[in-house]
Amino acid sequence: MVRRGVFLLNMGGPNNLDDVELFLRNMFADPAILPMHPWLRKIIGRRIVKKRLGEARDNYRHLGGRSPLSEITEALTAKVEALTGLPTRPAMRYVPPLAADALAALQELGIDEIICFPMYPHYSTTTTESSWQDVQAQCAAMGYAPALRLIEPYYADSAYLDIVFNRIRSASMGIDPSEYTLIVSAHGLPLSIIEAGDPYRDQIEQSVEAIREGLETSKMLFASVELAYQSRVGNAAWLEPNLADKLRHPERLKVMILPLSFTIDNSETRFELEVEHREIANKLGYEDYRVVACPNDGDDFAQFIAGRIDAI
């Protein structure tokens, strides 16, 4: 009898301030993040880490010294395991628990097949593909050969979109959505990655259209629904429009931000959106600025994951 296990794939987030440097070093050593010759990636990666380390640590201090992602993922993992009856582990890309840690745990349990559920709704070489290749590489390094199954992108899955609409409803309690701009904010990527064939932008745009249609069907009528991208760094061309720029040129002063690329709240939602971008809105005199929570460890999201796993 085949024994199955589950991985929840994600990039991870620092578990403490000491992890911040490890997180940055591993991220900028990833060929998917810096697609260039290895020796050049090593040099540039070191420069980026040196430049960003102090600011990144300060940001995590605002969050209590760690990313919220780990604790939320632990709670979600427990729920998925209870629903499926299968050993379930987080497999993070850049900080513990890494894929090697998760694989060692399942190997010890005698698992023959691992179902990998990406915590990224959209497919990108920088997220799902990077995590998937890492799991395969770690298996090879360990001499462990379970059958590996990867869950397909679910950005357009109606059941997943229902979860997103539930979060929008919660954020809309006590307000009239028709007075608000809903900005659907996706993590940005350099245009060079998109031009190399990454499907991320196309899938993001499909998501936004599905959200517009779903909001109309469910009678949650915002003044407008707009797409923006966040987290731009450096001088290279990135996906546009940029969220900070859009906030600085508002059509109205009531706005709700929907993080689209993430299923688990992290520093980009809890600090970048809730702190940095809120400061922009406050300085410009916004009347209301709201951020929609990610699916996180909600029962509905755990059930969605379990359903996708059971369908394999």
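Taking a point 7 Å out from the Cα of ASN235 in the direction of its Cβ, the residues of segment 47-65 whose backbone N falls within less than 16 Å of it are 48.
Which percent, to the nearest 5, of DSSP beta bridges fully inside segment 181-241 are antiparallel?
Values: 1 of 8 bridges.
Roughly 10 percent of the DSSP beta bridges within segment 181-241 come out antiparallel.
Compare the Cα positions of PRO190, LEU103, ASN242 along the charge dipole of segment 103-254 (+1 at Cβ of Lys, Arg; -1 at Cβ of Asp, Glu; about the Cα centre) and return the one farthest towards the positive end. Of the candidates, ASN242 comes out farthest on the positive side.
Subtracting the Cα-Cα distance of ARG3 and ALA82 from 0.36 nm times their residue separation leaves 26.8 nm of extension gain. For ASP265, the shell of other residues with beta-carbons less than 12 Å away shows a net charge of -3, using +1 for Lys and Arg and -1 for Asp and Glu.
When you filter the trypsin sites (Lys or Arg not before Pro) in segment 136-217 for DSSP loop state and at most 12 other Cβ atoms inside 10 Å of their Cβ, nothing is left.
When the chymotrypsin sites (Phe, Trp or Tyr not before Pro) in segment 231-279 are filtered for DSSP coil states and for at most 16 other beta-carbon atoms within 10 Å of their beta-carbon, no site remains.
Counting only DSSP beta bridges with both residues in the chain, what percent are antiparallel, rounded to the nearest 5?
5 percent
For the pair LYS50 and ASP300, label points projected 7 Å from Cα toward Cβ lie 4.8 nm apart. Summary of packing: across the peptides 137-143, 157-163, the per-residue average of other C-beta atoms within 10 Å ranks them, highest first, as 157-163, 137-143.
Taken about its Cα centre, segment 158-291 carries a charge dipole of roughly 300 debye when the Cβ of each Lys and Arg holds +1 and the Cβ of each Asp and Glu holds -1. Since only VAL6, LEU69, ALA56 are under comparison, the one whose Cα sits farthest along the positive direction of the charge dipole of the chain, derived from C-beta charges on Lys, Arg, Asp and Glu, is ALA56. Summing +1 for each Lys or Arg and -1 for each Asp or Glu among the other residues whose beta-carbon sits under 13 angstrom from that of ARG4 gives -1.
Beta bridges per DSSP, both residues in segment 158-291: antiparallel share near 5 percent. Neighbours of PRO190 by Cβ distance under 12 Å: Lys/Arg scored +1, Asp/Glu scored -1, total -1. Extending 7 Å from Cα along the Cβ direction at LYS219 and again at ARG252 yields two label points whose distance is 1.9 nm.
Laboratory data are not the source of any read-out in this text; all were calculated from the coordinates shown. Predicted model, so just to flag it, every value in this text is computed and none were measured. So basically every Cβ, Gly included, is an ideal-geometry build from the backbone, and we count neighbours across all protein chains shown.
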